[in-house]
Amino acid sequence: MTERKTGIYLCSGCGIGDAVDVPALEGVAKKEFKLDSKSHACLCGDEGVAMIKADLEAGVNQVAIAACSARVMSDRFGFEPVQVLRADLREKVIWSHPANHEDTQALAEDAVRMVLTQAPKVKAPEPSVEGEWSSRILVMGGGVTGLAAAAQSAALGHDVLLLEQSDRLGGRALDASKRLPHTPPYAKPEANDIEALVAAVTGNAKIAVRLGCTVTQTSGMPGRFVVNLSDGSVETVGAIVVATGWRPYDATKLGHLGYGASPDVVTGIELEGMLKAGAVKRKSNGAPVKSVAFVQCAGSRDPDHLPYCSSICCATSLKQALELIEADPDTNAYVVYEEMRTPGVMEELYRSAQAAGVIFMKGKVKGVGADLTITVADELIGEEIPLAGLDLVVLATGMVPNSTTPNAPAPAEGADQLAGDVDPEVPFPVAGYCGGTAPAVHAKREQAIPDGGSLLNLQYRQGPHLPVLHDGFADSHYICFPYETRRTGIYTAGPVRRPMDWAEAAEDASGAVLKAVQAVRSASAGAALHPRVGDLSYPKVSLNQCTKCKRCTVECPFGAIDEDEQTYPIVNSTRCRRCGTCMGACPVRAISFDNYSVDMLSSMIKAVKIPDEFSGKPRILIMACENDAVPALDMAGIKRNQWSAHVRILPVRCLGSVSLLCISDALSAGYDGVMMMGCKPGDDYQCHFVKGSAMAAERLSKVGETLKSMMLEPERVTQAEASIADADRLPKVIDAFVEQITAIGFNPFKGF
């Protein structure tokens, strides 16, 4: 094993040397760690970088830099494959605290202590890349989205396996008369070009098409997914794009709008078929349609049916109205709407409909009579208005995502059929974790999808389904990573992700394919995907310490951990997002990364010099999420916002990675208070690792027992929400907590 030789470099630029005593920082390295260091007035400049490179050539194999935030200058300080550790003396020290003050100096010295304590506790990770890796992409669904995804994948040089459960490609688009405008001037319906896309896909040698085929089982991980198909074949693929599309809301549930009571009350889908056939006639008697009313939000934006807006219903009704008027200019077309939603270029279609004479009525339909008379509660007039003499009533039903197979059994009474991966009320088929039941944190947004409805039939510890949001749309980080599901290497696109038209679906397919390509390429390099892109580390489990408690397998947000026959955890390295939630969950510290561990965090916590109770200087530990809290604090420093110098900030990958043992170690070391600062949890979570903040909150709810055993006040430990835009708010949050701790008094463990 090569002897570790750490090079330590201090920067005095950007005002650091004017605000703190840099030679004193060098003295910390020399006196306390027996290490020599070097300083430079511009460490990121050509001369400073050359100095570091010269040392690397002379044998330095680990670099510790005390300068600016680790979030900047990564290109200048990226000395791969040598591991680089960073201490922030700029944003979180001299830019956010008074210059040449003893507390600011103490803060800078502690930053140096923490990074030099970290150095011997970590090593540069080596990727796990043994065996063969597939770069083929599986696309599920042969509609607009799936066809576009297959074509894009092939254009990027990847072989494609395209599955379609029906006997034809093209999906619902094949049954459409025309499509919504997608080229300038966006003013009228355009020709249906789906057959050209089908021909392009079937004529591409890199795309293998399987019709009448579904997935019966999926195992493995990115780069090595093993997929069993209903035709009996077994395929290996590197990534999966789920483009299973949508289905119209069941109109038989809309009896209050006349559906089923009269054959001349039809859905928009049924009208589309009539338009495609070339003649729109009344179903009741075959007479031509001269007067038609479109009822918008038919079951949509209704808590008893679909609570969401399906986005394209308004534009689709306008397209159909224009087609009817184009076929017969004497046709009267009415559109009854609550809000007309034609965003972006669809506004041009709305203007065309107005110019063509389409009559708009703002209000809510109260009922549809047997004679097709519609009663409208007109919002502009403030009265109920009858709309009579109609030949046809068209219900604009919403889009329901195909997040399960069509043959999925009905859910139990009162169950939510549209949710995700863990049912907190159902015991797991293994013993040993909380009596076999998942913690309450999993119950916040997820229920079980009925057995038999899975699209992929994942052979994952956390169940066969892709986790979905409420309303059945595939779960993703809606702010930062819209295509990613919580199953790494599996991406959703098109209306299964959110309602969208053909043009949006094709664009969405491109985004998902790019993510899939990243997945297969990263997998072959043993590197992590979003958000820790390129991270070569992965969790390693000490089986000698493991108690088989199952916490890591249950709490992993990404289903990255399975179990062997002895129920020991097995990490699927390329499924792992490197968040460290498993590490934070393990009660016996059996899980660690080469460059991140509970021992590393605890050692860095203890490296801080704790003043005694007579100094009047408390010490507060903030364990800050590196995805939102740390950037927000960096921005606070850039804006020169000030906060208490009694605080010590320790960046963590995710609050989910923080073990309660770290908190007890901090309090035992004499810290007066501990704050967990991370992303917002809940239905509109911002956590890059989905459940990290929620997991931390769940664990902190139990920290009271630890504090009680230590005879400490529960107010000494708290959790604070942070978004990346909180540069002005967080300093106030920090100072308020420091005041609270000061009022409580010093930790009695100081000095022990």
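The values are calculated or read from the model by the stated rules, or taken from the named source; none is laboratory data. In this text the structure is predicted, and so the values were computed from the model without any measurement. As a convention, Cβ positions derive from the backbone with ideal geometry for all residues, glycine included, and neighbour counts pool all protein chains shown. The protein model used for the area step is the full one, side chains on, heavy atoms only, and it has no ligands, DNA or RNA in it. Shrake-Rupley method; radii C 1.70, N 1.55, O 1.52, S 1.80 Å.
Hey, what's region 540-592 come to in accessible area per residue, 1.4 Å probe, Å²? Provide the component values of the computation, followed by the final result.
Details: 1860 Å² over 53 residues.
On a per-residue basis, 35 Å².
Once neighbouring chains are kept in place and the probe is 1.4 Å, which whole percent of the accessible area of region 596-752 is contributed by carbon and sulfur? All intermediate terms of the calculation are to be shown ahead of the outcome.
Details: 3230 of 5750 Å².
Whole-percent figure for carbon plus sulfur exposure: 56.
So what does Ser284 come to for accessible area, using a 1.4 Å probe and Å² rounded to 10?
Approximately 60 Å² of Ser284 is accessible to the 1.4 Å probe.
Going down the list Lys178/Lys362; Lys366/Lys691; Lys53/Lys92, which pairs span over 32 Å between their C-alpha atoms?
Numbers: Lys178/Lys362 26 Å; Lys366/Lys691 43 Å; Lys53/Lys92 27 Å.
Over 32 Å apart, Cα to Cα: Lys366/Lys691.
At a 1.4 Å probe radius, carbon and sulfur cover how many percent of the accessible area of region 136-280? Kindly include the intermediate steps, with their values, before the conclusion.
Working: 3070 of 5750 Å².
Roughly 53 percent of what the probe reaches on region 136-280 is carbon or sulfur.
Mind listing which trypsin sites (Lys or Arg not before Pro) in region 609-687 are in a DSSP loop and have 14 or fewer other Cβ atoms within 10 Å? Provide the component values of the computation, followed by the final result.
Numbers: sites: Lys609, Arg619, Lys639, Arg640, Arg648, Arg653; in loops: Lys609, Arg619, Lys639, Arg640, Arg653.
The qualifying sites are Lys609, Lys639, Arg640.
In whole Å, what three semi-axes, largest first, describe the equivalent ellipsoid of the chain built from its Cα gyration tensor (square root of 5 times each eigenvalue)? If you can, show how the numbers build up before the last one.
Numbers: eigenvalues 626, 164, 133 Å².
Its equivalent ellipsoid spans semi-axes of 56, 29, 26 Å.
Filter the cross-link list Lys5/Lys540; Lys38/Lys515; Lys30/Lys123; Lys123/Lys639; Lys188/Lys515 down to pairs whose alpha-carbon distance in this structure exceeds 32 Å. Intermediate values should be presented prior to the final figure.
Values: Lys5/Lys540 25 Å; Lys38/Lys515 42 Å; Lys30/Lys123 22 Å; Lys123/Lys639 34 Å; Lys188/Lys515 34 Å.
The pairs that break the limit, which is 32 Å between Cα atoms, are Lys38/Lys515; Lys123/Lys639; Lys188/Lys515.
Please label the shape of region 540-592 as rounded, prolate or oblate, based on the square roots a ≥ b ≥ c of the eigenvalues of the alpha-carbon gyration tensor (a/c under 1.5 means rounded; beyond that, a/b larger than b/c means prolate, else oblate).
Values: a/c = 1.61, a/b = 1.22, b/c = 1.31.
Note, shape of region 540-592 comes out oblate.
Once whole DSSP H runs in the chain are found, which of them have Cα atoms spread over 18 Å or more along the helix axis and a mean Kyte-Doolittle score of at least 1.6?
Numbers: long enough: 102-118 (24 Å, -0.21); 313-327 (21 Å, 0.69); 502-525 (35 Å, 0.27); 730-744 (21 Å, 1.03).
In the chain, no H run is both long and hydrophobic enough.
Amide H to amide H under 5 Å from Val335: which residues, 5+ apart in sequence or cross-chain, H placed 1.01 Å off N in plane?
For Val335, the qualifying residues are Phe294, Ile359, Phe360, Met361.
DSSP beta bridges in region 1-126, what fraction antiparallel, as a percent rounded to 5?
Details: 0 of 15 bridges.
Counting DSSP beta bridges with both partners in region 1-126, the antiparallel share is about 0 percent.
For the chain, give the share of DSSP beta bridges that are antiparallel, in percent and rounded to the nearest 5; count only bridges with both residues there.
Working: 33 of 100 bridges.
If I count the DSSP bridges inside the chain, around 35 percent turn out antiparallel.
For Leu458, enumerate residues with amide H under 5 Å from its amide H, sequence gap 5+ or separate chain, H modeled in the peptide plane.
Thr218, His465
For every helix of n ≥ 4 consecutive DSSP H residues, a contribution of -39,500 (n - 2.57) applies; sum these over the chain, divide by its total residues, and give [θ] at 222 nm rounded to the nearest 500 deg cm²/dmol.
Details: 18 runs with 196 residues, N = 752.
Helices in the chain give a 222 nm mean residue ellipticity of -8000 deg cm²/dmol.
Viscosity 1.567 mPa s, temperature 4 °C: Stokes-Einstein D of region 251-399 from its Kirkwood Cα radius, in µm² per second? Walk me through the numbers before you get to the answer.
Details: Rh = 15.2 Å.
Rounded to a whole number, D works out at 85 µm²/s.
Please list 322-329, 72-79, 220-227 highest first by mean number of surrounding beta-carbon atoms within 10 Å per residue.
Values: 322-329: 16.2, 72-79: 14.6, 220-227: 22.5.
Packing order, densest peptide first, comes out as 220-227, 322-329, 72-79.
Could you rank the peptides 342-352, 202-212 by their average count of other C-beta atoms within 10 Å per residue, with the highest value first? Can you show the working numbers first?
Details: 342-352: 16.5, 202-212: 14.3.
Result, highest mean Cβ count within 10 Å first: 342-352, 202-212.
Per residue, how much accessible area does region 596-752 have with a 1.4 Å probe, in Å²?
Working: 5750 Å² over 157 residues.
Counting only protein heavy atoms, the per-residue value for region 596-752 is 37 Å².
Place the peptides 287-296, 512-521 in order of packing, highest mean first, counting for every residue the other Cβ atoms within 10 Å and averaging per peptide.
Details: 287-296: 20.8, 512-521: 22.8.
By packing density, highest mean first, the sequence is 512-521, 287-296.
Could you give the dipole magnitude of region 1-126 about its Cα centre, charging the beta-carbon of Lys and Arg +1 and that of Asp and Glu -1, in debye to the nearest 20? Working shown, then result.
Values: 15 positive and 19 negative charges, 74 e Å.
So the dipole magnitude of region 1-126 works out to roughly 360 debye.
Over region 251-399, give the accessible area per residue in Å² for a 1.4 Å probe, as an integer. Provide the component values of the computation, followed by the final result.
Values: 6390 Å² over 149 residues.
On a per-residue basis, 43 Å².
Take the alpha-carbon positions of region 131-227, form their convex hull, and give its projected area averaged over all directions (one quarter of the hull surface) in nm². The partial results should precede the final answer.
Values: hull surface 29.6 nm².
Seen from a random direction, the Cα hull of region 131-227 projects 7.4 nm² on average.
Treating the beta-carbon of each Lys and Arg as +1 and of each Asp and Glu as -1, no other charges, what is the dipole magnitude of region 557-606 about its Cα centre, to the nearest 20 debye? Walk me through the numbers on the way to the answer.
Numbers: 5 positive and 6 negative charges, 73 e Å.
For region 557-606, the charge dipole is close to 340 debye.
Kirkwood hydrodynamic radius for region 91-180: how many Å is it when counted over pairs of different Cα atoms? Working shown, then result.
Numbers: mean 1/r = 0.0520 Å⁻¹.
With all distinct Cα pairs of region 91-180 included, I get 19.2 Å.
Taking amide H atoms as placed 1.01 Å from N in the peptide plane, list the residues 5 or more away in sequence, or in a different chain, whose amide H sits under 5 Å from that of Asp594.
Counting only residues 5 or more places away or on other chains, the set is Tyr538.
At a 1.4 Å probe radius, carbon and sulfur cover how many percent of the accessible area of region 540-592?
On the way: 840 of 1860 Å².
Exposed carbon and sulfur together represent 45 percent of the surface.
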